[in-house]
Structure formats: C-alpha cells, structure tokens
1. Could you grab me the full set of residues in segment 95-107 that are more than 15 Å from residue 134 (Cβ to Cβ), modelled with pLDDT of 90 or more and buried (at least 17 other Cβ atoms within 10 Å of the Cβ)?
2. Would you mind stating whether residue 67 is at pLDDT below 95 and either surrounded by 14 or more Cβ atoms within 10 Å (Cβ to Cβ) or within 10 Å of residue 142 (Cα to Cα) (or both)?
3. Check every one of the helices (runs of 4 or more DSSP H) wholly within segment 50-158 and list those with 1 or more residues that are over 19 Å from the mean Cα position of the chain (by Cα), free of Cβ contacts under 8 Å to residues at least 40 places away in the same chain and closer than 28 Å to residue 27 by Cα.
4. Test each condition in (1) surrounded by 19 or more Cβ atoms within 10 Å (Cβ to Cβ); (2) at pLDDT below 95 for residue 74 and report the one that comes out false.
5. Return the residue satisfying two criteria in turn: it lies in segment 33-42 and is outside any helix (DSSP H, G or I) and free of Cβ contacts under 8 Å to residues at least 40 places away in the same chain, and of such residues it is surrounded by the most Cβ atoms within 10 Å (Cβ to Cβ).
6. Would you please name the residue that is surrounded by the most Cβ atoms within 10 Å (Cβ to Cβ), looking only at residues in segment 2-32 that are closer than 17 Å to residue 47 by Cβ and touching a residue at least 24 places away in the same chain (Cβ under 8 Å)?
7. Given the options 92, 32, 86, name the one that is under 21 Å from residue 123 (Cβ atoms), at pLDDT 95 or above and in contact with a helix residue (DSSP H, G or I) (Cβ under 8 Å, 6 or more places away or on another chain).
8. What are the residues in segment 117-145 that are farther than 30 Å from residue 81 by Cα and either modelled with pLDDT of 95 or more or out of contact with any helix residue (DSSP H, G or I) (no Cβ under 8 Å at 6 or more places or on another chain) (or both), if any?
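The values are calculated or read from the model by the stated rules, or taken from the named source; none is laboratory data. No experiment lies behind these values; they were computed from the predicted model shown. Glycine gets a Cβ as well: all are built from the backbone with ideal geometry, and neighbour counts include every protein chain shown.
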C-alpha cells in the first residue's frame, strides 16, 4: 500500500505531460500555422513551445523512473517506458533541435522560401520528421507507462 502515493504521483506527472504534448501537437502547432501570417512566425512560435515539452518530458520520465525503483515485479515495464520517454525527449531537444536551429540560421531563418531541391530545406524536412518521431515515441512511452501504472494501481486498491 505504501507504493500507492508514488504510483499516483507518477500517474499525475505522466498525465500532465501527455496532455501538454498532445495539446501542442494537435492544437498549438496546427493553429499557429493556420493563423499566423507566415510559416516563419508559426515555426518560431512552435520552436519556443517545444523545448518546454521536451525538457519536461526528460524530467517527468526521470522522476517516474526514479519513483519506480527498486525494480520489483510490475515496475520494470513502467520504469523502462519512463526512461524511453526521457531518452526520446533528450534526443529531440539535445540532438535534433540544435541541428534544426543551425539549418534555420544558415538559411537566414526562412526555410519556406528555399527551393524544395535545396539541400538545407531537405535536411530541415528530415530533421523535422525526426523531431516529430522522437516526440511521438515519447508520447507512446508515456502512454505505456501510464497504462501500466493505472493497471497496477487499480489492482492494488481492489
């Protein structure tokens, strides 16, 4: 019964992060590109929001993993999923985002004016896809950890 507060804290952390990530991906980013006058402005707005999602994903993943120690039965899966959340957000923020910023700087900030065959625009597109994939993996990992926690918690209280 003592593990229940840690499980509830982990559920709250994962739920909050997952809700924020979905809000950014499903609402904020599409809205920015739909209503702002240029894609450059929309990209700048989303580029200011994503680091918050990625850094909090790292922190939440590490906290949930720490709350899952020691690795007793039923904790391996959720701890592993939490570590995947942290790692995927770290790769997106520390590995992919700086490369995107470097390409944006090299292009003078406006990727959308580059010819589609320009290597900078193509590299930007590939890196953007990687960033989306890492965020998606983080979201999937958070969902798996959340599912395992809820299942474990409902079994413990039943």
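1. Correct list: 103, 104.
2. So residue 67 passes the test.
3. On the way: elements: 76-90, 97-106, 119-157.
Ranges flagged: 97-106, 119-157.
4. Answer for residue 74: the failing condition is (1).
5. Among those that are outside any helix (DSSP H, G or I) and free of Cβ contacts under 8 Å to residues at least 40 places away in the same chain, it is 36.
6. 21
7. None of the others qualify; the one that does is 92.
8. Listed by number, the residues that qualify are 117, 118, 119, 122.
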